[in-house]
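Heads up, the thing below is written out as structure tokens.
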Amino acid sequence: MSKRVQLRKFDKSELILNKEETVVILKFIFKKQHSNIDSLNITDSVREFAQGLLLEAVDASYAFGFIDALFRAVTNPRTGVKKVLTKFGKKSSKHWFKHTSSQDLMSIKIYDRVRQQLEWSFGRVLILHVNGIAKLDENYFGVLAFNDSDRAIIWG
């Protein structure tokens, strides 16, 4: 399965994540970039980037086939990420999602393979933000590609 991804743009009033939660989500998606994320100036543009990544992670995981994954190995969530996922599920607008229902948003789960693909596809954009040279009105594109053997789930 392969699909092109364009991260959703948000108005300032639609931003849910605060600065600390933005860092938590970026560290969750970009597991090898923690030192860069720690040095990052958290602007509204960075908050929008993180929220777009989280929205895509949730939606792609449900499109990928959440029910089948319930019978596969899972890892326990870190407390900080689990809190952010719960808050995001409660406060996010239901029309942002293509593949999830409002009931699904109360117990968000994310496939590890989806997280890895987002990390790979958008790692360059993170570095642009770290270096302060990301375009503020840029639409970010990436590709998610995985197969049926990639169905391990991680909770935030």
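Peptides 125-134, 17-26 ordered by packing proxy, namely the average of other Cβ atoms within 10 Å per residue, highest first: 17-26, 125-134. Taking amide H as placed 1.01 Å from N in the peptide plane, Val5 has its amide H under 5 Å from the amide H of Gly142, Val143, Leu144, each at least 5 places away in sequence or on another chain. Simple spin-label estimate for Lys32 and Lys87 gives 2.9 nm between the two label positions (7 Å along the Cα-to-Cβ direction from each Cα). Accessible area of Asp112 (1.4 Å probe, protein heavy atoms only, ligands and nucleic acids ignored): about 40 Å².
With 0.36 nm allotted per residue and the present C-alpha distance subtracted, the Glu14-Ile133 stretch has 40.5 nm of extension available.
The values are calculated or read from the model by the stated rules, or taken from the named source; none is laboratory data. On a predicted model such as this, the values are computed, not experimentally measured, just so you know. Note that each Cβ is placed from the backbone with ideal geometry, even for glycine, and that neighbours are counted across all protein chains shown. Surface areas here come from the heavy atoms of the whole protein model, side chains and all, with no ligands, DNA or RNA. Shrake-Rupley method; radii C 1.70, N 1.55, O 1.52, S 1.80 Å.
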